[in-house]
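Accompanying notes for the structure given below.
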Amino acid sequence: MGGRGRLAAEGGSDIRGLPLEDVFPWLDLKEEQIEKIEVNDNKNRILTLKGKIKKHHINGKHYTSIILTDITELTKLKAKYKQTNCIKQKYEQALESLFEGVIITDSEGKIIYVNKAQEELDNVTKDDVYNKKATEVFNLDKESSVLMQALITKKEVPERHQYYINMVGHAVNIVTYGYPLTVNGKVVGAVAICRDTTKAKELAEMVLDYYDTRSNGQIIKPSAEKAKTRDNLYTFKDLIGNNAAFKEAIRWAQVSAETDSSVLIYGLTGTGKELFAQSVHSHSNRKNGPFIGINCAALPESLLESILFGTVKGAFTGAIDRPGLFEQANGGTLFLDELNSMPLGLQAKLLRVLQDGTIRRVGGTQDISVDVRIISSLNTDPNEAVNKKVLRQDLFYRLAVVSIRIPPLKERRDDIPMLTSFFIGKHNRKLKKSVKDISPEVMQCFLNYHWPGNVRELEHVIECAMVVIGDGSYITLDHLPHYLIECYAQQQDEHDEVNQLVILDADFRKQTHHNNRKKTNYILKHKIDSTERDLIVKILSETQGNVSRTARILGISRQSLQYRLKKYNINRTNLTTVT
Amino acid sequence: MIAQVAGEIVDGCEDQALIIVDEENRILYSNQFALSLASSD
């Protein structure tokens, strides 16, 4: 049995007299300090030790004392601290990179962290605000401070609009919300996220000013693609298409134009919901009144409320007497685009307005009668929006007296040739070009593509092609965006393979048994791929890697060749394939 | 004598080891914790 086990068992008295180097061979008495050593103890645990060695001279004799301190736990704690600090730094870096302001307080409401965005928002440095009460820094009371509310209620504080003067005297408009921070169920602080809406507020003021100055004219939302005045709002003549479902949508819109009922238009993005809304207005009895559109997804709830219903002076700091869009649309039509993005709280207020026919400005006490027709739109199915609770059911029934579904482009592919001609004509005038048509290959590409962006995407693709076409007369695959080509080439590829397999399969069918055919088809597909790859490599070698020339020789477009180079991992610079 | 006094002070100490050796580096005293570190080789 070894010395350590024996020594430990016998209480250590028998190590007296033994040479130090036999019992503690890892000790070096030449040093005065033992910085850090790792030693196994008698329970086979690894201990970290540091120590001191001192020489003593007593009564003419020399002694040496060695004191070793166990720093195992301390070392582990240091490592843990280092690791925690590293994580903390990563989180801080993430918070610093946010565009939104972040303020964190301790449980007493004293600020312990603000990120860079918040520093810029308030024009302060971290040192200016650290360890100060949030209520003092922002000149707020316990009720108005989301941080204090989060600490007091121990619950999330929903989004609210705040206006304050920062420490250097600048007015700041923010939308903010707060959360309590808990550790083991105990609230240890709070965090507030602040979005600067000063610029959005200024923009909203400009929008309202714009409406104010033109209160007698036809007005559409400024974000509309084509600025239209009283005489050039879209009409039903602008709705291009012969598809049966599309024509049915137009028929419903025409019927609804003859009534004063609320209309709900729904369809995917880019299907032309606003064109329908304007057309209904243009053919209604309200055509001489204003048409005002607002995108409900573009603005936060508090701002949207002020814009829709107006404000009275003193409603909140900085608020002035101003009519909202409901008042300005009086006698006309208000188009609420992307209604499913409107917060539910505001939907409830909208429902009250529709039921009572009156609005009350934010901060006001007076009810104002309005005569406004509402046309709204959803970019999703209404039932789905109700089920997902992004649209109040009662509001849906109120707004969808007439509901019109606009089919997506993939459901009306038969309209693609007509729409293509229309957009070519439109952009010929706009870009001063003389493009005649698209190549048959492009038409095939258009007809096969699934068009997630619908008619808007088709128009953009054509506009883009007409920009890059130069003086050409026909749009070819070379003028299309890469993603469209890749999609087309892939479909062509599958189509070609299927065709070849079908032809050859007919011969094989005469000769082989049904069970062998699947195997044959697989082998054949592999063979076709291999032949195609070899041919591309061969022609590329002959043209010294020139893609355009290779494509020309192979009789395919450059994009189609690029797709195949990628598919077969062909590196045209050294003409090797990675398989 | 010195070792005895030192021993009384540090013998029960669980995170500090004390070893005292004479001029020939032979062990005169080691406390319990030092003993747990003694090599068995």
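Could you tell me which GluC sites (Glu not before Pro) in the range A:257-307 are loop residues by DSSP with no more than 12 other beta carbons within 10 angstrom of their beta carbon?
Qualifying residues, ordered by number: A:GLU258.
For the range A:125-197 and the range A:377-412, what is the centre-to-centre distance using only Cα atoms, to the nearest Å?
38 Å
Less than 25 Å apart at the alpha-carbon level, and either on another chain or at least 8 residues along: which lysines does that give for A:LYS61?
Within the straight-line limit of under 25 Å, A:LYS61 reaches these lysines: A:LYS30, A:LYS52.
Starting from the 7 Å offset along Cα-to-Cβ, what nm value, one decimal, do you get for the label separation of A:VAL183 and A:ASP356?
According to this spin-label approximation, the distance is 4.9 nm.
Each residue of the range A:273-279 in turn: what ³J(HN,Hα) in whole Hz from Karplus with 6.51, -1.76, 1.60 and θ = phi - 60°, glycine and Pro shown as x?
For the range A:273-279, the Karplus curve yields 5, 5, 4, 5, 4, 5, 5 Hz.
What average count of beta carbons from other chains do you get within 10 Å of the Cβ of residues in A:27-37?
Shielding by partners across A:27-37 averages 1.
Compute the Cα gyration tensor for the range A:17-172, then decide on rounded, prolate or oblate, letting a ≥ b ≥ c be the square roots of its eigenvalues: rounded whenever a/c is under 1.5, prolate when a/b is larger than b/c in the other cases, and oblate in all that remain.
Cα axes put the range A:17-172 in the prolate bin.
What is the spin-label model distance, in nm, from A:ASN288 to A:THR573 if the labels are put 7 Å beyond Cα along the C-beta direction?
Placing both labels 7 Å beyond Cα along the Cβ direction yields 7.2 nm.
If the reach is capped at under 17 angstrom between alpha carbons, list the aspartates and glutamates near A:LYS142, excluding any in the same chain fewer than eight residues apart.
Hits, sequence-local ones excluded: A:ASP106, A:GLU108, A:GLU156, A:GLU159.
If I model a spin label at A:ILE87 and A:ILE37 as a point 7 Å from the Cα along the Cα→Cβ vector, what separation in nanometres do I get?
3.5 nm
State whether the range A:358-435 is rounded, prolate or oblate according to the following rule on the C-alpha gyration tensor (a ≥ b ≥ c being the square roots of its eigenvalues): a/c under 1.5 gives rounded; otherwise a/b larger than b/c gives prolate, and the remaining case gives oblate.
Here the range A:358-435 falls in the oblate category.
Compute the FRET efficiency between A:LYS80 and A:VAL255 as 1/(1 + (r/R0)^6), taking r as their Cβ-Cβ distance and R0 = 60 Å, and round to the nearest 0.05.
0.25
Taking the Cα centre of each part, how many Å lie between the range A:244-323 and the range A:17-89?
Cα centroid to Cα centroid, the span is 79 Å.
Tabulate in residue order the Karplus-calculated ³J(HN,Hα) for the range A:452-466, using 6.51 cos²θ - 1.76 cosθ + 1.60 with θ = phi - 60°, rounded to whole Hz; enter x for Gly and Pro.
x, x, 6, 4, 4, 5, 4, 4, 5, 4, 5, 4, 4, 4, 6
Loop-only trypsin sites (Lys or Arg not before Pro) in the range A:12-97, please: DSSP not H, G, I, E or B, and at most 10 other Cβ atoms within 10 Å.
A:LYS30, A:LYS43, A:ARG45
Strictly over 23 Å apart at the Cα level, which of A:LYS88/A:LYS126; A:LYS110/A:LYS186; A:LYS110/A:LYS154; A:LYS527/A:LYS567; A:LYS273/A:LYS432 would you flag in this model?
A:LYS273/A:LYS432
For the range A:549-562, in order, what is each residue's ³J(HN,Hα) by Karplus, 6.51 cos²θ - 1.76 cosθ + 1.60 with θ = phi - 60°, in whole Hz (x at glycine and Pro)?
Coupling constants for the range A:549-562: 5, 4, 4, 4, 4, 6, x, 10, 6, 4, 5, 5, 5, 4 Hz.
Bear in mind these aren't lab numbers, they're just calculated from the coordinates by the rules spelled out. It should be emphasised that the depicted structure is a prediction, and the values quoted were computed from it without experimental measurement. Every residue, glycine as well, gets a Cβ built from its backbone with ideal geometry; the counts of neighbours run over all protein chains shown.
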